[in-house]
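Here is the structure we will look at, set down as structure tokens.
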Amino acid sequence: MKSKIRSISTLIVILLFIVGCTQVAILSLNQVELTKISVQDEKIYLLGEFNSQSYDQVKTAIDSHSGIKTIVLTANPGSLDDETTFKLARYIREKGLNTHLLSRSVIASGAVDLFLSGVNRTIEKGAQLGVHSWSDGSKQAKDFPRNHPDHNFNASYIKDMLGTDEFYWFTIYAAPADSIYWMNDEEIKAYKLTTQAFVSPTNKPTPFGEAFNIAREDILQN
């Protein structure tokens, strides 16, 4: 599994890495619920990072509310567990749900991957999507030949969601694993991340209050 982690929890992992406890840190962070969920009418709003708990959390919310049509991502820095995030994404696609970004939504890394799961994907003007490469700890994704099997996990997922893996190759050259590249509107449209024209801002607040503002600023500053 290739790392796509960008959030405050990354700092914890780095600090514990210094004392030789990286795997312990990741395991610990995967034991707690990092994803906050709020159900509003036909929408499920998600805040925070995705980890090994997120699949059960979101699936339970979807299954408990029969009228859900759309998953709204708000401030989501990425994923600690790409396998579980992709599992959740495939479930969302299987259920025929849509995904949406508000005008102040900020999503990065594995959260962008999850956004791709929507059958219809809508983005309000002003939303920000950040991407980057993965690393195995010593080499970046772009250092591996294009036909290397280590590309398959992520490239296959992207192809399943978008019909082509072109977006995957864009991400691994956009920024190294320890950085982030914020996509412009032309790129978002070119790689078909949205299924229709950008939506005018609704200026609708998220249900998370100040927690959203804090999480949003944290993503933009890292």
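The values are calculated or read from the model by the stated rules, or taken from the named source; none is laboratory data. Every value quoted in this text rests on a predicted model; they were computed, and no experiment measured them. Cβ atoms come from the backbone with ideal geometry, glycine included; neighbour counts cover every protein chain shown.
Would you check which residues across the range 168-208 are surrounded by 13 or more Cβ atoms within 10 Å (Cβ to Cβ) and of a type in the set (S, T, N, Q) and list them?
Selection gives 171, 194, 195, 206.
At pLDDT below 95, within 17 Å of the chain's Cα centre (by Cα) and surrounded by 13 or more Cβ atoms within 10 Å (Cβ to Cβ): is that true of residue 154 in this structure?
No, not satisfied.
Restricting the first residue to the range 157-171 and requiring it to be assigned to a helix (DSSP H, G or I) and aromatic (Phe, Trp, Tyr), which pairs with a second residue that is at pLDDT 95 or above and surrounded by 15 or more Cβ atoms within 10 Å (Cβ to Cβ) meet a Cβ separation below 6 Å and a spacing of at least six or different chains?
Matching pairs, first to second residue: 157/86; 167/158; 167/191; 168/154; 168/155; 168/158.
When residue 81 is evaluated against the numbered criteria (1) closer than 21 Å to residue 206 by Cα; (2) of a type in the set (D, E, K, R); (3) surrounded by 15 or more Cβ atoms within 10 Å (Cβ to Cβ), which criterion, by number, is the only one it fails?
(1)
So residue 64 fits all but one of (1) closer than 20 Å to residue 215 by Cα; (2) modelled with pLDDT of 95 or more; what number is the exception?
If we test residue 64 against (1) closer than 20 Å to residue 215 by Cα; (2) modelled with pLDDT of 95 or more, just (1) comes out false.
On the given criteria, is residue 165 acidic (Asp, Glu), surrounded by 15 or more Cβ atoms within 10 Å (Cβ to Cβ) and within 15 Å of the chain's Cα centre (by Cα)?
It is false that residue 165 is acidic (Asp, Glu), surrounded by 15 or more Cβ atoms within 10 Å (Cβ to Cβ) and within 15 Å of the chain's Cα centre (by Cα).
Collect the residues in the range 17-52 that are surrounded by fewer than 19 Cβ atoms within 10 Å (Cβ to Cβ), modelled with pLDDT under 95 and touching a Ser or Thr at 6+ places or on another chain (Cβ under 7 Å), keeping them in residue-number order.
30
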